Each structure stands twice: as structure tokens, then as C-alpha cells.
Amino acid sequence: PARYFDIETTEPVSFYLSGLEELLSWQPDSNGDFNISAVPLAKREPPLHSKRPRTLVCHDMRGGYLEDRHVLGAGEVFIQGSATRNPYVFYHWRYIDIFVYFSHHTVTIPPVCWTNAAHRNGVPVLGTFITEWTDGEKLCEAFLAGGEEAYGAVSQQLARIAQHYRFDGWLVNLENKLSEAAARNLPPFLRHLTAQVHSAVPGGLVIWYDSILQNGTLRWQNELNDENRVFFDACDGLFTNYNWKEQQLEQSRRLAGPRRTDVYVGIDVFGRGDVIGGGFDTDKSLRLIRQHGLSAAIFAPGWVYEHLGEENFLSNENKFWGLLAEYLPIHSVCTLPLATSFSLGMGTSRFLDGKEEEVGPWYDLSVQEIQPLYPELEGRLSTSCCLQDAWCGGSSLRVQGTIPPGEEHVATRLFSLQMPAPPKLFLTLLYKLEGPHPDEITVALEITTWDSGTCHEGNVTALPKPNGRHHPRFLPAPPSGLAKLLAACSHGSHGWTSRCYELDLQDCSLRDLSLLVSRHQPSPQETPFTCLLGEVRVLDAASVAAAAPQVQSLAASQFWWQ
């Protein structure tokens with residue numbers, strides 16, 4: 001069927017639903033199974049329901065579901081990947097809480113590649129339920145004015161769709177005026193939808209966009225107030241319009257009370273209308289929002305790609321998010337194993353074990369790996385994606401900087417961690433040194449733990465580390481029984497160096513995983529370095545040693561043999 005497969009190639013594609021009839025007649029269909037997310041939502045700290053201000057990203061790019069496979073976004077339609085050159089990718093997952101996939105179709109089901117990438121990094125994904133213009137009025141009249149049976153059927157279908165395709169809820173965006181009867185039923189519809197989503201999807205969310213007043217008038221408020229509060233009270237949050245002023249932030253905060261972090265203040269990165277700041281000045285808007293303790297909804301950060309062009313996209317993207325980093329609380333990894341090759345889910349070649357296997361552009365967000373923090377220290381340190389060389393996938397992580405005069409080393413934080421340390425950790429690192437004097441530099445991993453009087457490294461008689469910094473012991477060969485998993489302990493290939501380490505900890509709590517770059521000799525000069533990271537793994541020794549469960553009753557369908 002054309003809804004699920006591209007007619008020319010027979011490849012599976014993402015899809016949306018248009019109008020009420022398509023929504024109400026939707027049923028699970030095995031042809032659509034390619035659109036079911038295969039990646040469960042990873043745990044992270046702090047969890048979404050913590051009370052710190054959140055960051056929502058609303059992805060809106062040229063209408064969504066980009067069709068032309070030769071331009072940006074073909075991978076959004078061709079969900080098993082495409083040969084798109086210079087595609088748009090998002091990878092600053094550590095800095096955000098919620099990802100919304102937005103388009104102007106009535107029911108926007110997020111392309112599964114986006115859900116897979118977000119879930120792997122612990123970020124829930126919302127689809128969009130939107131009505132607009134005169135057609136939107138008619139659609140709303142049909143299901144809202146009709147009473148509980150009619151709006152109950154719509155909310156039940158929306159919850160079933162999120163549950164079936166394994167995404168996490170809905171942004172509800174009704175941008176047309178409503179009759180008195182339809183307006184009266186809007187709060188009960190939102191309450192019903194929210195309850196249905198909560199029961200069908202663990203941790204599910206429904207967020208309302210600030211557009212309609214309680215009397216049915218279409219008038220954007222740019223704040224939470226008495227005219228739209230009834231909708232805020234009926235769901236998990238309000239996404240405000242973009243043309244706010246500071247006094248409206250105060251008003252929203254006052255009215256929201258203990259739910260102030262459920263107010264997501266809209267920022268249009270394109271800076272349309274009377275706004276405080278967009279583009280590379282988005283931080284001006286974000287700073288004010290955070291001063292009032294509110295959450296933020298960053299709309300269309302694809303501006304970096306659409307406005308500045310695809311040529312220097314990755315460096316512009318790092319600049320954009322780097323400017324906001326001060327106002328974006330980060331998220332911690334809270335489960336092991338942690339393993340990543342840093343691949344963005346795109347590239348100009350495909351690499352395996354450090355060898356270029358296939359040359360040519362590719363794009364498949366479903367295989368994007370867990371993404372690190374991207375710290376920047378002005379003039380001293382930068383982290384970025386390197387597409388020219390990789391251990392596995394399409395890219396490696398480039399860490400570039402200088403060791404200042406008189407200092408022995410610098411540490412770059414790759415991941416924030418928050419979990420009890422198991423008694424023994426194995427760590428592996430694959431790296432490649434570039435630059436003028438690679439033989440003067442040593443690279444290793446560093447683990448930091450939270451300060452506590454009880455945390456010890458090694459045996460019980462060891463003294464606690466005063467600063468919580470631990471340098472795992474180098475393992476020249478893998479321990480017996482783990483030779484297969486830690487195979488490349490002392491020999492990389494194709495110019496990559498492979499290292500294994502172990503660390504014994506007692507009563508500790510893990511805090512950070514960092515890359516430690518040291519020089520062999522102290523020097524009055526600064527020492528520049530460039531290091532590519534191909535893979536990092538942090539493993540709990542106990543679960544590594546346990547036998548993996550056997551795969552049972554495997555079934556396969558929908559094959560295309562080539």
C-alpha cells in the first residue's frame with residue numbers, strides 16, 4: 001500500500017494521517033510495522049517529572065516529511081535510510097527534555113528514525129495533532145461539538161496510535177476559532193486525551209499550544225492567563241506563542257504556581273514577529289525565561305540549516321547550541337553499559353573497525369549512537385563531529401585543544417553520570433592522535449565520583465580519593481573469559497589505538513566520564529592536541545561476565561532479497 005511503501009522502490013516510508021476520517025478509521029496494519037520504534041526510551045537523570053525547568057525542541061522544517069530523496073530530509077520519509085548528502089541531524093540530546101516532530105498534517109506521526117535516535121538518548125518524542133483555517137473549524141466542529149462520544153473516539157485513537165508506534169504523546173495545536181459548543185467540550189477532550197495517553201504510554205505527555213481562548217476565539221496570548229488556564233489545567237503543559245514580553249513571564253509564573261515548569265515559553269529561532277531574540281541571539285530569550293524559573297520551547301532550531309545553509313552546518317550547529325548551553329541543564333546517564341561510537345547516523349562514508357568500507361553519502365537517524373556532551377572552552381577546547389575518519393559508522397568525536405603552559409593535562413567531560421558504582425568497572429577506549437607531535441601526548445579515561453567519606457578505590461584499606469578523580473588501571477590483555485568482548489585491548493587497526501582499563505570501587509557514586517589528555521614532559525609552552533575518539537565503553541564487570549540470554553522463537557517477515 002502506498003501509505004506504507006514508496007511506489008518506485010518499495011522501500012518503507014513514514015506517513016501521516018489527513019483529516020478526521022483517516023484518524024478514526026486507523027487500525028494497526030502489519031505493513032506499517034517498519035514505523036514502530038525499536039528503541040525503548042532510555043532512563044536518564046533527572047527524570048522528566050523533576051521540578052527543574054525543561055527544554056522542549058519543536059522540529060519544524062519545510063513542512064516536515066520531506067519527500068525529495070535527493071535533498072535534505074529524505075531520511076525522514078525513507079525510514080531505512082537514504083543517500084542524502086549533507087542532511088539535517090540533531091545530536092544535542094543531553095541538553096533537552098522533549099522532542100516534538102511538527103508538520104501541518106492533521107495527525108503527524110513522528111518518523112520512526114527520529115523516535116529511535118531520541119529514545120536511545122533518553123528523550124521522549126511527541127507527534128502533533130493540528131487543525132487550521134476553515135477546514136480546521138469544520139474538523140473541530142465535527143468531533144468537539146458532537147459531545148463526549150465523538151471527542152472520546154478521537155482521544156482514544158490518538159492514544160492508540162502513540163502506543164502502537166511507541167512514541168510518547170502529543171502536542172495539540174488547534175489554530176482556528178471554535179463554536180460555543182466546541183469550545184465548551186475542549187477542556188474535557190484534553191482531560192480525556194491526557195488520561196488516555198497516560199494510561200496507554202508510560203510517562204506519556206499531552207501539551208497544549210497557546211492559540212484558543214476558553215470562549216473559542218482564536219487569539220494567541222503569549223502567556224498563561226485566565227483566558228487559557230482551563231486548557232493548562234486539563235493537560236501536562238502549555239507551549240506559549242512567541243511574542244511575549246518579560247512582564248508576561250512574571251504573570252505566567254505567578255498563575256502556574258507549583259506547576260511553573262509545565263509552562264514552556266515559546267522561542268521562534270527564525271525570530272518572526274516582535275520577539276526578544278532568535279538566531280544566534282536566542283540566548284537572550286532563553287536567559288529571561290530561566291530567570292523566571294520557566295521551561296522553554298525552542299521552535300525551528302533547523303534555522304541553522306535552512307538559513308545558514310548546509311555547507312558548514314555541523315560547526316554552525318555547535319555554535320548555536322554552545323551559545324545556549326549556559327541555560328540548558330544537562331542530563332546524566334544512569335544505567336550501564338554505556339557504549340558509543342559517537343556516530344551521528346549520517347556520513348560521507350561508512351566505516352567498520354577503522355576501515356572505510358563504503359564511500360558515498362548516507363543518512364539513517366535510526367543508527368545514530370548515544371551522543372556525548374559537546375563542551376566548548378573559549379580558545380582552549382572544542383568538541384565536534386569528524387566525518388573524515390571513524391571507527392564504526394559515519395563519524396568520530398574530535399576533541400581539539402591546548403594544554404596550557406605549566407600544566408600537565410586537561411580533562412574533557414564526555415558524559416555526566418548519576419548511578420551507584422558497581423564494585424568493578426571495565427572501560428575501553430579507541431582513539432587516534434592527529435597534529436604535529438602525537439608522540440608527546442598520552443590519552444586515557446578518567447572517572448569522577450561524588451564526594452563522600454565512604455567512597456574507596458581498590459581494597460578497603462585504600463584511602464578515599466580527596467577530589468573524587470579515579471584513573472582506571474591499564475589492562476595490557478583482556479581478563480580470561482572476556483577475550484571476545486574486550487578483544488582489541490592492546491591492538492587497534494588502521495591507525496586507531498585501543499586501550500582497556502579496570503577500576504575497583506567501593507561505596508561510590510559515579511559522576512563524570514572524561515577524556516584525560518596529558519603530556520609526557522612539563523613545558524613552559526602550550527601544547528596543542530587533536531584526538532579522534534572512535535569508541536568508548538563503560539561496563540559493569542559482573543554483568544559482562546554473565547552469559548547473554550538465548551534468543552527465543554525468532555520470526556522474520558517483509559524481506560527484499562538483493
Going 7 Å from the Cα of ARG229 along its beta-carbon direction, which residues of the stretch 200-219 have the amide nitrogen within less than 14 Å of the resulting point? 214
Using θ = phi - 60° and the Karplus form 6.51 cos²θ - 1.76 cosθ + 1.60, what ³J(HN,Hα) does each residue of the stretch 122-139 get, whole Hz, x for Gly and Pro? x, 10, x, 10, 10, x, 10, 10, 10, 10, 8, 6, 5, 4, x, 4, 4, 5
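Given that compact globular proteins tend to follow 2.2 N^0.38 Å, what is the ratio of the alpha-carbon Rg of the chain to that value? Mind showing how you got there, number by number?
Values: Rg = 25.1 Å, N = 562, 2.2 N^0.38 = 24.4 Å.
Cα-based Rg divided by the globular estimate yields 1.03.
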Unpaired by the 4.7 Å Cβ criterion, cysteines found in the chain: CYS58, CYS113, CYS140, CYS235, CYS334, CYS385, CYS386, CYS392, CYS531
How far, in degrees from 0 to 90, does helix 148-165 lean away from the longest principal axis of the Cα atoms of the chain, to the nearest 10? 20 degrees
Heads up, I need the accessible area for ASP33: 1.4 angstrom probe, whole protein in place, Å², nearest 10. 80 Å²
The stretch 338-546 - charge dipole about Cα centre, Lys and Arg +1 at Cβ, Asp and Glu -1, debye rounded to 20: 320 debye
What's the extension gain from HIS494 to GLN550 if we count 0.36 nm per residue and subtract their Cα-Cα distance? 16.8 nm
Scattering curve values for the stretch 338-546, log₁₀ I(q)/I(0), Debye with Cα scatterers, q = 0.08, 0.09, 0.16, 0.17 Å⁻¹: -0.29, -0.36, -1.14, -1.26
Once all protein chains are kept in place, ILE109 shows an accessible area at probe 1.4 Å, nearest 10 Å², of 10 Å²
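Using Cα pairs under 8 angstrom and six or more residues apart, how large is the relative contact order of the stretch 75-150, in percent?
Details: 74 pairs, mean separation 21.3, N = 76.
That works out to 28 percent.
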Check: in the stretch 338-546 the Lys pairs 8 or more apart or on separate chains whose Cα atoms fall under 25 Å apart number 5
Listed by chain and number, the residues whose amide H is under 5 Å from that of LEU205, excluding neighbours fewer than 5 places away on the same chain and using placed H, are GLY169, TRP170
Looking at the P(r) of the stretch 134-187, how many percent of alpha-carbon pairs lie beyond 12 Å? 66 percent
Taking only the C-alpha atoms, wrap a convex hull around the stretch 120-210 and report its volume per residue in Å³ as a whole number. 92 Å³
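In the neighborhood of LEU218, defined by Cβ-to-Cβ distances under 9 Å, what is the net charge if each Lys or Arg adds +1 and each Asp or Glu adds -1?
Details: positive: LYS177, ARG219; negative: GLU175.
In short, +1.
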Debye, to nearest 20: dipole size of the stretch 362-439, +1 on Lys, Arg Cβ, -1 on Asp, Glu Cβ: 240 debye
With charges set only on the Cβ (+1 for Lys and Arg, -1 for Asp and Glu), what does the dipole of the chain come to about its Cα centre, in debye to the nearest 20? 1320 debye
Extreme residue, positive dipole direction of the chain, given options PHE99, ALA545, PRO12 (C-beta unit charges): ALA545
Quick check on the stretch 309-395: take the gyration tensor over C-alpha atoms, sort the square-rooted eigenvalues as a ≥ b ≥ c, and tell me if it's rounded (a/c under 1.5), prolate or oblate. oblate
Short version: what are the Cα gyration tensor semi-axes of the stretch 17-147, square root of 5 times each eigenvalue, largest first, in whole Å? 26, 21, 15
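Less than 12 Å Cβ to Cβ from HIS520, Lys/Arg counted +1 and Asp/Glu -1: what total charge do the surrounding residues give? Kindly include the intermediate steps, with their values, before the conclusion.
Values: positive: ARG519; negative: GLU408, ASP439, GLU440.
Neighbour charge sum, excluding HIS520 itself: -2.
The values are calculated or read from the model by the stated rules, or taken from the named source; none is laboratory data. Please read all numbers here as calculations on a predicted model, not as lab measurements. Because the Cβ atoms are built from the backbone with ideal geometry, glycine has one as well, and the counts that use them run over all protein chains shown. For accessibility, only protein heavy atoms count, side chains too; no ligands or nucleic acids. Shrake-Rupley method; radii C 1.70, N 1.55, O 1.52, S 1.80 Å.
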